[in-house]
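Undergrad: Here you go, one structure.
Each reported figure results from applying straightforward, stated rules to the coordinates on display, with no laboratory input. Owing to the predicted nature of the structure, the values given are computational and were not obtained by experimental measurement. Every residue, glycine among them, receives a Cβ derived from its backbone with ideal geometry; neighbour counts consider all protein chains shown.
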Amino acid sequence: MQVPQHVLLVTIDHMPCTPQLSNAGHGELNKYTEALKKCFESRGSKLLMFERYMAMRNKGGNHCHVNCLPIPNDLVDAAG
């Protein structure tokens, strides 16, 4: 299923997952997620976030990927 408003947040810091981010990294991520939450709410949706973690042994360049999707309020309400 395609979601046109899908947003992928990728950290600048080379950290494989959000628990390993620095305080500054968490602060930066929180600024973006709060802005997305407000944006999606203004369009009648809730923010759904999930993180994809994939260890890349010996490859370097690990970045955590936080997926942000708008879920229409009526679907959120139906899920209970």
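Undergrad: Given the rule -39500 (n - 2.57) for each run of at least 4 DSSP H residues, summed and divided by the residues of the chain, what is its mean residue ellipticity at 222 nm, to the nearest 500 deg cm²/dmol?
TA: When only DSSP H runs of four or more count, the value is -11000 deg cm²/dmol.
Undergrad: Name the shape class, rounded, prolate or oblate, that the alpha-carbon gyration tensor gives for the chain, where a ≥ b ≥ c are the square roots of its eigenvalues, rounded holds for a/c under 1.5, and otherwise prolate holds if a/b is larger than b/c and oblate otherwise.
TA: The shape class here is prolate.
Undergrad: Could you give each residue of the stretch 11-19 its phi-based ³J(HN,Hα) in whole Hz, using Karplus coefficients 6.51, -1.76, 1.60 with θ = phi - 60°, and x for Gly or Pro?
TA: So the J values, rounded to whole Hz, are 6, 6, 5, 7, 10, x, 7, 4, x.
Undergrad: Any chance you could run the full-extension gain for K37 through E51? It's 0.36 nm times the residue separation minus the Cα-Cα distance, nm to one decimal.
TA: Full-extension gain reported as 3.4 nm.
Undergrad: Spin-label point model (7 Å from Cα, Cβ direction): what's the D13 to V76 distance in nm?
TA: Placing both labels 7 Å along Cα→Cβ, they lie 2.8 nm apart.
Undergrad: How high is the relative contact order of the chain, in percent, with contacts defined as C-alpha pairs under 8 Å that are six or more residues apart?
TA: 42
Undergrad: Within the chain, which is the longest segment containing none of the trypsin sites (Lys or Arg not before Pro) that sit in a DSSP loop and have at most 15 other Cβ atoms within 10 Å?
TA: It runs 1-42.
Undergrad: Name the shape class, rounded, prolate or oblate, that the alpha-carbon gyration tensor gives for the stretch 1-46, where a ≥ b ≥ c are the square roots of its eigenvalues, rounded holds for a/c under 1.5, and otherwise prolate holds if a/b is larger than b/c and oblate otherwise.
TA: oblate
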